[in-house]
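Worksheet: one structure, shown below.
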């Protein structure tokens with residue numbers, strides 16, 4: 001009799017356990033369904049404002065247009081830093097100097113990486129001298145940084161350096177690479193959009209500057225812009241430019257190298273979306289997660305490197 005009771009009890013417990021699992025699955029499906037309905041309702045009339053996009057504007061606009069195709073209720077508005085009386089939902093920051101310290105209410109999610117290379121007008125005499133051996137780190141510093149009080153600027157008459165204000169993202173990435181504040185970068189300051197640096201060099205046969213990959217390469221044919229010559233950085237810093245260090249012929253060649261090879265000689269840094277977690281917006285969160293998981297496919301197209309999703313701090317929490 002006891003054996004019969006035990007069998008009945010075991011069957012009852014198994015049946016109850018199976019019912020509990022079914023109920024939990026049903027509850028999770030239901031919760032997911034209602035969350036999806038809630039999110040879709042929010043997307044029906046949602047505008048996301050973004051600021052600080054200048055250096056990566058083409059890529060970010062591509063992200064927003066692709067996201068909007070799948071979520072037609074969401075629109076995007078781009079605002080200039082401090083130029084409009086609008087608190088942006090997302091701010092784009094890059095470079096250690098350009099990023100805020102993460103606080104309890106401020107969250108930063110890496111969404112891409114940018115690399116900076118030195119370039120010169122193709123007719124600059126500096127180029128012909130440096131091509132054979134590449135540019136070592138100390139030489140790179142002498143071109144773009146204020147000299148130490150006890151040394152002179154090398155070959156000053158051979159070129160004119162063009163730079164940006166210390167607030168520039170690209171300037172911060174370059175100066176961070178040297179371990180110096182952006183205020184120590186030298187040259188004729190060019191204000192406005194990053195592309196004006198390139199325009200200045202193209203119009204000056206003695207011009208030298210720096211910029212991110214997306215501006216110094218033609219995004220269609222993937223070669224350096226006509227009229228520009230990339231100053232090859234000596235990757236192992238030994239004063240000789242070996243064949244395997246000639247990685248600058250095409251944009252994709254540079255990107256492949258930077259994503260597959262440990263590098264300390266080419267200035268490179270993450271850029272992030274930062275936002276206030278206290279004012280949590282599920283549509284903004286959904287967009288950021290989409291950029292991390294799906295938007296990376298467009299990074300190379302515009303001259304930016306992909307992030308390592310596994311090493312990314314975390315997706316934003318829904």
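No lab work stands behind these numbers, since they all come straight from the coordinates. Quick caveat, the model's predicted, so the values are computed rather than measured. Positions of Cβ are backbone-derived with ideal geometry, glycine not excepted, and every protein chain shown enters the neighbour counts.
A few remarks follow.
- Both radii were evaluated on the Cα set of the range 124-246; the Rg over Rh quotient, with Rh as the Kirkwood radius, amounts to 0.94.
- At R0 = 35 Å, FRET efficiency that the Cβ-Cβ distance of residue 237 and residue 281 yields, to 0.05: 0.15
- Fully extended contour minus Cα-Cα distance, from residue 252 to residue 205, at 0.36 nm per residue: 14.2 nm
- Efficiency of FRET from Cβ geometry, residue 65 and residue 178, R₀ 41 Å, rounded to 0.05: 0.70
- R0 of 22 Å, Cβ-Cβ distance residue 306-residue 261: FRET efficiency to nearest 0.05: 0.90
- Where labels lie 7 Å past Cα in the beta-carbon direction, separation of residue 195 and residue 125 in nm: 3.3 nm
- Percent of Cα pairs in the range 50-318 per distance bin of 5 Å, from zero to the largest separation: 1, 6, 12, 17, 19, 16, 12, 8, 5, 3, 1, 0, 0.
- Listing 243, 69, 195, 129 from fewest to most neighbouring C-beta atoms within 10 Å gives 243, 69, 129, 195.
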